Amino acid sequence: MRELIGLCQKLLRDGDVKVVIGYEEGPRGVRPAVITDPAGCERLVFDHRAVHNLVAYLSPRRGHLRDLGRAAVVVKGCDVAAFATLLRESQLEREGAVLVGVRCGGVYRSAAGSGPLDEKNVADRCGDCGLREPGTVDHLVGELPAAPPVSGRRAARIAEIENMSPAERFAYWREVLADCVRCNACRSACPLCVCERCLADKTDPRWVESSPHPRGNLSWHMARALHLAGRCVDCGDCERACPFGIPLTLINGKVGLVMRERFGFAPGEDPEVPAPIGTFDTDDSQEFIR
Amino acid sequence: MDSVAATDTEQAVTAAFEPRIIAFVCNWCTYTGADLAGTSRIQMAPNVRIIRLPCTGRIDPLFIVKAFERGADGVIVSGCHPGDCHYSSGNFHARRRFAVAREIMGFFGIDTGRVVFSWVSASEGRKWSEVVNDATSQVRALGPFTAYRDLAAGKG
């Protein structure tokens, strides 16, 4: 921890950055912290509760944070994948931020988690993580902790849904999405929802009904999944932001599976690796087209 | 008495179910192919309403969702064969997008049998009629997409 604090203090003192975005103790576990003063870096913490993807604060949509100046961001490997996606899409410049990578031993499902990491409390995405020691960051701190346990919970749930009949699946999602009030917290929390004007806000034509109505809810969540296909890094911030606990990571997980199975694509930290959507191969499989 | 009458009517409606199918087709190949099918006087199911777009690459998967929202029972998406795209690569991009969209829609419970994808060139009037007939019988077998209509009505 001293290493992280010392590094961030040095970055601020040397004027490399104007602001450090990291984690601090909050009322319910850790929370994101925006620190502009070297002394404030003493508040920085990093442990299994560091669930948030702080790259979200670099998104061009968050102009108020950008106005503070160049930022140093505390990132896990999975967060670097989001940064790489934004670079790939020319939303950011590499020099625009200093990435302070932390070697990661996995995180809880919630920022308020406690106790040793186990199959029950570990985040679904951590199981087969290949990015625990990010390679494309500017600074890398900490010792590499033991690998996190693997949770098969989400994979099992997705398989369960896949094994339903289409009518049952439709009914399932209808019921689950009935809770959605279309507050757009999922969209706001997402580090990769970068459109200046979301299609869900378009009124001419009205793409997606904006009232919390079952039909618009279904369209919105399908649109969200489609727009994140090949981009989502599975940080799960959408699901954590959801005030109704809608299992959005089931959808993201399914999208991730499709990307892996069809295109052999998994989110990584290299922005030069082309995204599967927006590129093509003339030999792409087309078994569903007659 | 009323409820009996209502049931009879519903049965009559089901028996006479004619699927409403929306076809999103590309201007250069499938639309011309469909035109050829027409001018060749090839008989085919009258259930398909065609919406012409410049390219399959212009067909956002949300068009398909929108068609279901507005009461379609099935959707056909068709364009130029790979390699034949008027804009060189629109259909290659579309193919990837549709591959993903199809699986996502399936995951949300839209029966993938309701969405038919095909490549129909300008000279394949016969193939277009087969696509139309097969899609119509396939969707007829699946029945009306009442689940989606109930969403619209807020029922269920």
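Each value in this text was obtained by applying a stated rule to the coordinates, not by laboratory testing. Just so it is clear, the structure is predicted and the values come from calculations on it, not from any experiment. As a convention, Cβ positions derive from the backbone with ideal geometry for all residues, glycine included, and neighbour counts pool all protein chains shown.
Other protein chain C-beta atoms within 10 Å of residue C-beta, averaged over A:224-232: 3. The long axis of helix A:77-88 is offset from the longest Cα principal axis of chain A by roughly 70 degrees. For the protein assembly as shown, lysine pairs with C-alpha atoms less than 29 angstrom apart, excluding pairs fewer than eight positions apart on the same chain, total 13. Treating r as the C-beta distance of A:T282 and A:E93 and R0 as 35 Å, the FRET efficiency rounds to 0.60. Rounded to 0.05, the FRET efficiency of the A:R62 and A:L144 pair, given R0 = 45 Å and the Cβ-Cβ distance, is 0.90. With the alpha-carbon atoms of the protein assembly as shown aligned to their principal axes, the span from lowest to highest coordinate is 80, 58, 39 Å, starting with the largest.
Mind checking the range A:26-129 for GluC sites (Glu not before Pro) that DSSP puts in a loop (not H, G, I, E or B) and that have at most 16 other Cβ atoms within 10 Å? Those satisfying the criteria are A:E89, A:E93, A:E119. Within the range A:2-141, what percent of beta bridges assigned by DSSP are antiparallel, to the nearest 5? Restricted to the range A:2-141, the bridges split so that about 50 percent are antiparallel.
Packing-based ranking of A:44-57, A:248-261 yields A:44-57, A:248-261, ordered from highest to lowest mean Cβ neighbour count within 10 Å. Spin-label model, A:D118/A:E42: points 7 Å from Cα along the beta carbon direction are separated by 3.7 nm. Label the range B:77-149 by shape, choosing from rounded, prolate and oblate, from the square roots a ≥ b ≥ c of the eigenvalues of the Cα gyration tensor; if a/c is under 1.5 it is rounded, and otherwise prolate applies when a/b is larger than b/c, oblate when it is not. Cα axes put the range B:77-149 in the oblate bin. In plain terms, the chain from A:A167 to A:S110 could stretch by 17.3 nm, reckoned as 0.36 nm per residue minus the Cα-Cα distance.
Toward the positive end of the charge dipole of the protein assembly as shown, with +1 on the Cβ of Lys and Arg and -1 on the Cβ of Asp and Glu, the farthest Cα among A:L11, A:A156, A:P243 is that of A:P243. Run through the range A:207-245 and list the chymotrypsin sites (Phe, Trp or Tyr not before Pro) located in a DSSP loop whose Cβ has at most 14 other Cβ atoms within 10 Å. Qualifying residues, ordered by number: A:F244. The fraction of all Cα pairs in the range A:153-263 landing in successive 5 Å bins from 0 to the largest distance is 2, 12, 21, 26, 22, 13, 5, 1, 0, given as whole percents.
Using 1/(1 + (r/R0)^6) with R0 = 41 angstrom and r between the beta carbons of A:R206 and A:R31, what's the FRET efficiency to the nearest 0.05? Given R0 = 41 Å and the Cβ-Cβ separation, E is 0.65.
The C-alpha atoms of chain A define a longest principal axis, and helix A:166-177 lies at about 40 degrees to it.
What is the Cα convex hull volume of the range A:219-274 when expressed per residue in Å³? Don't skip to the end; give the middle numbers.
Details: hull volume 4.4 nm³, N = 56.
Per residue, the Cα convex hull of the range A:219-274 comes to 78 Å³.
Taking amide H as placed 1.01 Å from N in the peptide plane, A:E24 has its amide H under 5 Å from the amide H of A:R31, A:A33, A:V45, each at least 5 places away in sequence or on another chain. The orientation-averaged projection of the convex hull spanning the C-alpha atoms of the range A:124-195 amounts to 8.1 square nanometres.
Looking only at trypsin sites (Lys or Arg not before Pro) in DSSP loops with at most 13 other Cβ atoms within 10 Å, what is the longest site-free stretch of chain B?
Maximal segment without exposed cleavage sites: B:71-154.
Here the Debye sum runs over all C-alpha atoms of the range A:29-86 as equal scatterers in vacuum, and log10 of I(q)/I(0) at q = 0.20, 0.22, 0.30 Å⁻¹ comes out as -0.84, -0.99, -1.37.
Which angle from 0 to 90°, rounded to the nearest 10, does the C-alpha axis of helix A:214-228 make with the longest principal axis of chain A? Once rounded, the angle reads 50 degrees. If you sort the three axes of the alpha carbon gyration tensor as a ≥ b ≥ c, you get a/c of 1.5 or more for the range A:173-235 and a/b no higher than b/c, which makes it oblate.
Its residues counted as N, the range A:2-141 yields a C-alpha radius of gyration over 2.2 N^0.38 Å of 1.00. Once backbone amide H atoms are built at 1.01 Å from N, B:I76 has B:I22, B:A23, B:F24, B:V116 as its partners under 5 Å, excluding neighbours fewer than 5 places away on the same chain. Of all DSSP-defined beta bridges confined to chain A, some 50% are antiparallel rather than parallel. Max-minus-min Cα coordinates of chain B on each principal axis give 62, 36, 19 Å, with the largest extent listed first.
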